[in-house]
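Here's the structure, in structure tokens; my notes come after.
The values are calculated or read from the model by the stated rules, or taken from the named source; none is laboratory data. Quantities reported herein were computed from a predicted structural model and do not represent experimental measurements. For neighbour counting, all protein chains shown are included, and Cβ atoms are generated from backbone atoms with ideal geometry for every residue, glycine included. Please note that ligands, DNA and RNA were not included when accessible areas were found on the heavy atoms of the full protein model with its side chains. Shrake-Rupley method; radii C 1.70, N 1.55, O 1.52, S 1.80 Å.
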Amino acid sequence: MSGWRSLARADLLDFGGYDAAEPEHGYVRLHANEAHWQPAGGDDGLNRYPVPQPAELVRRMGACYGVADEAVLATRGSDDAIDVLVRAFCRAGQDSVLVCPPTFGMYEVAARIQGAGIVRVPLERDLGFTLDFDGVLAAWRPPVRLVFVCSPNNPTGNLVVSRRELEALCRELAGKAMVVVDEAYLEFAGAASAASMLADHGNLVVLRTLSKAFALAGARCGALLARPDLVAHLRGLLPPYPLPAPSVARAVAQLDMEALRALDEHVARCRAERERFARRLTESAGVRRVWPSRANFLLVETHGDSQRLIAACRAAGVLIRDVGRQEGLANCVRITVGAPEETDRVIECLRAAEMAGA
Ligand SMILES: *Cc1c(COP(=O)(O)O)cnc(C)c1O
């Protein structure tokens, strides 16, 4: 058993997707209706369609994430990966995804667009926003095809499951649902990836992105890690030439050894600043609580109305995220760990908001 085939949309199982014009070296390309000239000012080959899954990018992602090349699907960020998973596993009007709020909003957005249902099993706030393991198993019904687990979770910042629990979740849901672990912030957590569990669990998918620690949000590059046969299947459901060539070139450069060492330094600095910022916030009178974070942002609960802080920050030219309408997060904001001079401005805004509210 492959572990995923019985859960995927049966109507797409033998669908190979669009027949893209693969690059074949040494041939004159008259099979893709491209221009044979370079655009004005360009000599970078952008007149040609890019390779659908660039081998060097896939190889470097595989090496970086500790999996074989065949286990990597390069995507336009994790958003693209989430979207293709929902389309591959959920029949409109029939199947559902399971999410654990408060969490990343794109799981529900992708489900809405596909016409899939949404089952919500809130994280356990009193236990530091950890996964309600028994609640997830109890909520499972045959239409639930995908269970999204975001760890470290956005916007709470914590690891929501232990490795042992994740193993158990995959085991309990084998043949019932795919477990999709979103590791967008894993570099900041210094924890092990679930990717090493792919060999043992055919219903596991891991999402990684270059948007956060790799500082390439504008390039729109991410990776979906899964069993090779699932990667091959999903590849056929992506657009024929998903990855723009300039983005691929930047991503490949960012995944070499020297760039990875620089990344480690940035991540270490971000973690140090995260702790400094958290301390200063905790000392501020207007802050009720700062949750421990393993990511590059902090979840902060204000005393009283969080709109005062949000408005004070905006007036000072700083945008912070209002997450107060999410499950269990009344008067909470999510603040990215920026440069020290940027987070200092937030502290100043807190003082201003306190004075305005006093
Ligand atoms: C930022 C983020 C992503 C990254 O999305 P991209 O499309 O790769 O930019 C994925 N998951 C979560 C939880 C995020 O917060």
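Please enumerate the residues belonging to the range 167-208 that are aliphatic (A, V, I, L, M) and away from the ligand (no atom under 16 Å from the Cβ).
Across the range 167-208, the qualifying residues are A168, L169, L173, A174, A177, M178, A192, M197, L198, A199, L204.
Just the residues that are open to solvent by 30 Å² or more (accessible area, probe 1.4 Å) and touching a strand residue (DSSP E or B) at 6+ places or on another chain (Cβ under 9 Å), please, taken from the range 15-65.
Those that are open to solvent by 30 Å² or more (accessible area, probe 1.4 Å) and touching a strand residue (DSSP E or B) at 6+ places or on another chain (Cβ under 9 Å): R59, C64.
Could you please tell me which pairs satisfy a Cβ distance under 9 Å, a separation of 6+ or placement on different chains, a first residue in the range 56-77 that is over 18 Å from R220 (Cα atoms) and of a type in the set (D, E, K, R), and a second residue that is within 14 Å of the ligand (Cβ to nearest atom) and open to solvent by less than 10 Å² (accessible area, probe 1.4 Å)?
From residues that are over 18 Å from R220 (Cα atoms) and of a type in the set (D, E, K, R), the pairs are D69/M61.
Which pairs do you get when a residue that is over 16 Å from C349 (Cα atoms), found in the range 278-295, comes within reach of a residue that is charged (D, E, K, R) and surrounded by fewer than 19 Cβ atoms within 10 Å (Cβ to Cβ), reach meaning Cβ atoms under 6 angstrom, with the pair 6+ apart or on two chains?
Short answer, once both residue conditions are applied: R289/E301.
Considering only the range 125-164, state which residues are farther than 12 Å from W291 by Cα and hydroxyl-bearing (S, T, Y).
Selection gives T130, S151, S162.
Anything in the range 284-325 that is assigned to a loop (DSSP other than H, G, I, E, B), closer than 19 Å to A272 by Cα and hydrophobic (A, V, I, L, M, F, W, C)? List them, or say none.
W291, A295, listed by residue number.
Would you say V290 is crowded, with 19+ Cβ neighbours inside 10 Å, modelled with pLDDT of 95 or more, under 22 Å from the mean Cα position of the chain (by Cα) and closer than 30 Å to V161 by Cβ?
No; evaluated as a whole, the condition is false for this residue.
With among the β-branched types (V, I, T) and modelled with pLDDT under 95 as the only criterion, which of V51, V136, V67 stands out?
Every option except V51 fails the conditions.
Applying the selection to the range 220-243, what residues are within 9 Å of the ligand (Cβ to nearest atom) and either touching a Pro at 6+ places or on another chain (Cβ under 6 Å) or not in a strand (DSSP E or B) (or both)?
R220, C221
Could you check, for the range 249-270, whether at least one of its residues is in a helix (DSSP H, G or I), open to solvent by less than 20 Å² (accessible area, probe 1.4 Å), touching a Cys at 6+ places or on another chain (Cβ under 9 Å) and under 16 Å from G77 (Cβ atoms)?
Checked against the condition, which is being in a helix (DSSP H, G or I), open to solvent by less than 20 Å² (accessible area, probe 1.4 Å), touching a Cys at 6+ places or on another chain (Cβ under 9 Å) and under 16 Å from G77 (Cβ atoms), the range 249-270 yields at least one hit.
Go through the range 118-175 and give me each residue that's closer than 22 Å to D83 by Cβ, surrounded by fewer than 22 Cβ atoms within 10 Å (Cβ to Cβ) and out of contact with any helix residue (DSSP H, G or I) (no Cβ under 9 Å at 6 or more places or on another chain).
Correct list: P143 only.
Provide a single number: the residues in the range 230-273 that are of a type outside the set (G, A, S), under 23 Å from G190 (Cα atoms) and within 21 Å of the chain's Cα centre (by Cα).
10
Which of the residues belonging to the range 66-79 are buried (at least 22 other Cβ atoms within 10 Å of the Cβ) and under 25 Å from R5 (Cβ atoms)?
V67, A71, V72, L73, A74, T75, S78 - these are the residues of the range 66-79 that are buried (at least 22 other Cβ atoms within 10 Å of the Cβ) and under 25 Å from R5 (Cβ atoms).
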